[in-house]
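Taking it in order: structure first as structure tokens, then the write-up.
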Amino acid sequence: MAATLPAFSAPRCSCSSSSSPRLPLPRFLPSAQPPAAATLLRGRARLQTSAAAAAAAVEVGGVKIAREGNVEMSILRSDVVKEGDPTNNVPDTIYSKFGLQLHRRDNHPLGILKNTIYDYFDKNFSGQFNKFDDLCPLVSVKQNFDDVLVPADHVSRSYNDTYYVDAQTVLRCHTSAHQAELLRDGHTHFLVTGDVYRRDSIDSTHYPCFHQMEGFRVFSPDEWSGSGMDGTAYAAADLKKTLEGLAEHLFGAVEMRWVDTYFPFTNPSFELEIYFQDDWLEVLGCGVTEQEILKNNGRTDNVAWAFGLGLERLAMVLFDIPDIRLFWSNDKRFTSQFSEGKLGVKFKPFSKFPPCYKDMSFWINEEFTENNLCEVVRGIAGDLVEEVKLIDNFTNKKGMTSHCYRIAYRSMERSLTDEEINDMQWNVREEVKNKLKVELR
Ligand code: DAH
């Protein structure tokens with residue numbers, strides 16, 4: 001699966017059948033790089049960005065985004081979008097997602113799914129899990145990567161994969177970014193839900209902002225000492241039992257299997273797959289937390305398990321939602337189909353407008369990346385772009401490489417006119433030429 005993709009970028013599932021959409025997978029899959037290569041920044045210092053964001057709270061006009069204690073925080077455009085600053089690669093399209101917090105809307109598929117997972121943990125662990133769903137998505141590089149042992153040379157740290165506000169601050173690319181701080185704050189059982197951000201290509205299952213839930217549970221020695229198992233085996237067994245129960249809570253009595261994998265923050269690491277609608281579907285990534293993370297955060301003698309799951313990925317399957325852009329739709333014909341507490345009500349497409357395809361070919365240069373292209377296209381077409389797909393690729397005798405991309409434009413809500421599509425395509429061509437410095441053919 002995904003053998004041709006760079007390690008650690010959000011891999012694509014190429015093995016799924018046509019009945020099963022390709023869905024966003026966790027990014028931290030087996031690396032070509034040995035995990036031991038990590039150079040780690042240690043320390044307990046609280047994130048500078050949090051302080052900066054908190055300070056910004058008193059300013060007027062910002063997007064209200066989170067609460068720390070009783071303080072409503074605001075994030076201003078100038079906090080995250082810095083045109084002309086080479087250490088910043090956050091576009092306005094991303095800033096526009098800030099504060100929308102789809103996962104906190106009880107009538108939205110993502111909120112319904114979150115609440116259903118909460119119900120499972122409440123029922124089975126009598127309220128032991130603390131829930132966080134409004135932690136600030138601006139985090140330090142240390143929180144996002146170092147604290148969870150992501151190797152220094154890991155591709156996920158690149159500007160091509162992650163949104164950087166400045167050299168030390170990113171938009172979190174996973175909810176694992178909060179593990180260390182919550183451990184240090186003394187939490188032993190927690191669920192963290194939030195919006196996460198990744199630069200990526202464009203298709204019906206990938207969107208640069210999506211939502212994850214992280215689960216974490218710490219065990220103390222007295223919990224496993226009588227079990228005849230060591231701490232790691234005990235935590236792994238508890239993890240599997242807990243997550244099998246969760247999968248059953250969400251999907252009913254389905255066939256499940258565990259697949260060994262690699263994540264920088266866990267060892268051993270697993271993925272849980274379920275057999276659903278005639279295909280194996282990856283539900284989540286998880287594992288027994290690396291001892292180093294516990295040790296660095298005041299839990300030396302403990303063991304822990306952790307998991308991370310993508311809410312869109314599961315909601316698309318559970319609600320039959322065919323395109324990830326729909327989660328962002330305010331169209332009543334979409335929003336009115338979902339209501340609090342009703343997991344798995346099947347979405348009925350209200351109409352299907354035809355896509356319009358436009359091809360563009362250009363000679364690439366050394367810096368060219370598909371993620372950069374997609375960002376340019378999204379900057380112009382917004383959610384009207386459904387897919388950007390490489391359909392031809394060759395290198396001539398002079399060593400110049402040509403790419404041809406097919407852009408699919410389609411609105412979820414209305415018919416697009418020829419004129420607006422032609423205008424968009426014209427602007428895309430201009431911006432691709434000017435911003436990416438490629439030679440159009
Ligand atoms: N952070 C991972 C990702 O985004 C998902 C994940 C996997 C989280 C395993 C975990 C874990 O806590 O144990 O790809």
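Return the only residue of 440, 390 being open to solvent by 40 Å² or more (accessible area, probe 1.4 Å) and more than 29 Å from residue 316 (Cα to Cα).
440
Here 133, 195, 161, 119 are screened, and the one residue that is closer than 27 Å to residue 252 by Cβ, within 18 Å of the chain's Cα centre (by Cα) and modelled with pLDDT of 95 or more is 133. Only residues that are over 15 Å from residue 300 (Cα atoms) and free of Cβ contacts under 8 Å to residues at least 60 places away in the same chain were counted in segment 186-222, giving 1.
Answer with yes or no whether residue 281 is in the same structural domain as residue 212 (by the TED database), closer than 23 Å to residue 211 by Cβ and within 13 Å of the ligand (Cβ to nearest atom). So that I can check it myself, show each step before the final result.
Values: in the same structural domain as residue 212 (by the TED database): yes; closer than 23 Å to residue 211 by Cβ: yes; within 13 Å of the ligand (Cβ to nearest atom): no.
Against the criterion (in the same structural domain as residue 212 (by the TED database), closer than 23 Å to residue 211 by Cβ and within 13 Å of the ligand (Cβ to nearest atom)), residue 281 does not qualify.
Figure legend. Inter-residue proximity from segment 303-330: first residues within 30 Å of residue 222 (Cβ to Cβ), second residues aromatic (Phe, Trp, Tyr) and more than 12 Å from the ligand (Cβ to nearest atom), beta-carbon distance below 6 Å, spacing 6+ or different chains. Indicated pairs: 303/219. Checking segment 339-362 against the condition returns no match, with no residue being among the acidic types (Asp, Glu) and under 23 Å from residue 272 (Cβ atoms). In segment 164-189, of all residues being within 19 Å of the chain's Cα centre (by Cα) and among the hydroxyl-bearing types (Ser, Thr, Tyr), the one that is nearest to the ligand (Cβ to nearest atom) corresponds to 176. Beta carbons closer than 8 Å, at least 6 apart along the sequence or on distinct chains, pair a first residue in segment 401-423 that is at pLDDT 95 or above with a second that is small (Gly, Ala, Ser) and part of a strand (DSSP E or B) for 402/361; 403/361; 404/361; 405/361.
Restricting to segment 278-316, and then to whatever is assigned to a helix (DSSP H, G or I) and open to solvent by 10 Å² or more (accessible area, probe 1.4 Å), can you tell me which residue is nearest to residue 107 (Cα to Cα)? Top of the filtered list is 313.
Would it be correct to say that residue 338 is more than 16 Å from the ligand (Cβ to nearest atom), in contact with a helix residue (DSSP H, G or I) (Cβ under 7 Å, 6 or more places away or on another chain) and more than 18 Å from residue 251 (Cα to Cα)? Give the derivation first.
Numbers: more than 16 Å from the ligand (Cβ to nearest atom): yes; in contact with a helix residue (DSSP H, G or I) (Cβ under 7 Å, 6 or more places away or on another chain): yes; more than 18 Å from residue 251 (Cα to Cα): no.
Against the criterion (more than 16 Å from the ligand (Cβ to nearest atom), in contact with a helix residue (DSSP H, G or I) (Cβ under 7 Å, 6 or more places away or on another chain) and more than 18 Å from residue 251 (Cα to Cα)), residue 338 does not qualify.
When segment 389-441 is filtered for residues that are touching a helix residue (DSSP H, G or I) at 6+ places or on another chain (Cβ under 9 Å) and part of a loop (DSSP other than H, G, I, E, B), the ones remaining, listed by number, are 410, 411, 412, 413, 416, 438.
Look at (1) out of contact with any Ser or Thr (no Cβ under 9 Å at 6 or more places or on another chain); (2) under 15 Å from residue 359 (Cα atoms); (3) of a type in the set (Ser, Thr, Tyr); (4) surrounded by fewer than 18 Cβ atoms within 10 Å (Cβ to Cβ) and you find that residue 402 fails only one, number (1).
Residue 351 meets each of the listed conditions (1) more than 26 Å from the chain's Cα centre (by Cα); (2) open to solvent by less than 70 Å² (accessible area, probe 1.4 Å); (3) closer than 25 Å to residue 161 by Cα apart from (3). Within this structure, residue 250 fails the test of being crowded, with 17+ Cβ neighbours inside 10 Å and within 16 Å of the ligand (Cβ to nearest atom).
Taking strands (runs of 3 or more DSSP E) that fall entirely within segment 105-222, which contain at least 3 residues that are touching a helix residue (DSSP H, G or I) at 6+ places or on another chain (Cβ under 9 Å) and open to solvent by 10 Å² or more (accessible area, probe 1.4 Å)? Talk me through it step by step, then tell me what you get.
Details: elements: 130-132, 138-140, 164-166, 169-171, 189-197, 209-219.
Correct list: 130-132, 209-219.
A single entry from 231, 226 fulfils the requirement of being over 19 Å from the mean Cα position of the chain (by Cα), in contact (Cβ under 8 Å) with a residue 60 or more places away in the chain and surrounded by fewer than 21 Cβ atoms within 10 Å (Cβ to Cβ): 231.
The values are calculated or read from the model by the stated rules, or taken from the named source; none is laboratory data. All values derive from a computational prediction rather than experimental measurement. Every residue, glycine among them, receives a Cβ derived from its backbone with ideal geometry; neighbour counts consider all protein chains shown. Ligands, DNA and RNA are excluded from the accessible area calculation, which covers all protein heavy atoms including side chains. Shrake-Rupley method; radii C 1.70, N 1.55, O 1.52, S 1.80 Å.
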